[in-house]
Amino acid sequence: MSFPRHRPSDPAFSMAWRLFRELHDAPSPERAEQLVAWLGQDPGHVRALDEALTLWALAGASVVEAAREAGAQPLLQ
């Protein structure tokens with residue numbers, strides 16, 4: 001098992017998380033362009049976004065599994 005290179009206290013991870021969350025919550029061409037521009041600034045930004053997306057997916061999977069175990073239908077966005 002590999003461990004993430006970035007931590008929530010890492011500025012690149014924090015920015016990746018913020019940019020992704022903003023784009024997810026209120027999609028717009030401007031927000032997408034901002035994320036793409038930021039990703040192009042440094043290869044580490046791509047890794048940070050990958051780790052933020054992994055965290056997002058794992059959190060979603062845990063919600064689905066908990067709801068399934070409780071016999072409920074999860075509400076996912």
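Restricting to segment 28-63, name every residue that is charged (D, E, K, R) and under 15 Å from PHE13 (Cα atoms).
From segment 28-63, those charged (D, E, K, R) are 30-31, 33, 42, 47, 50-51; that's our starting set.
If the condition is that a residue be charged (D, E, K, R) and under 15 Å from PHE13 (Cα atoms), then ASP42, ARG47, ASP50, GLU51 are the ones that fit.
Determine which member of the set LEU35, LEU39, LEU19 is part of a helix (DSSP H, G or I), touching a His at 6+ places or on another chain (Cβ under 8 Å), modelled with pLDDT of 95 or more and of a type in the set (A, V, I, L, M, F, W, C).
Working: LEU35 fails: touching a His at 6+ places or on another chain (Cβ under 8 Å); LEU19 fails: touching a His at 6+ places or on another chain (Cβ under 8 Å).
Sole residue among the options that is part of a helix (DSSP H, G or I), touching a His at 6+ places or on another chain (Cβ under 8 Å), modelled with pLDDT of 95 or more and of a type in the set (A, V, I, L, M, F, W, C): LEU39.
What number of residues within segment 20-49 are of a type in the set (A, V, I, L, M, F, W, C) and touching a residue at least 24 places away in the same chain (Cβ under 8 Å)? It would help to see each step written out before you state the result.
In the first step, residues of segment 20-49 are kept if they are of a type in the set (A, V, I, L, M, F, W, C); the result is 20, 23, 26, 32, 35-39, 46, 48-49.
Remaining after also requiring touching a residue at least 24 places away in the same chain (Cβ under 8 Å): 20, 48-49.
Number of matching residues: 3.
The values are calculated or read from the model by the stated rules, or taken from the named source; none is laboratory data. These numbers come from a predicted model, not from an experiment. As a convention, Cβ positions derive from the backbone with ideal geometry for all residues, glycine included, and neighbour counts pool all protein chains shown.
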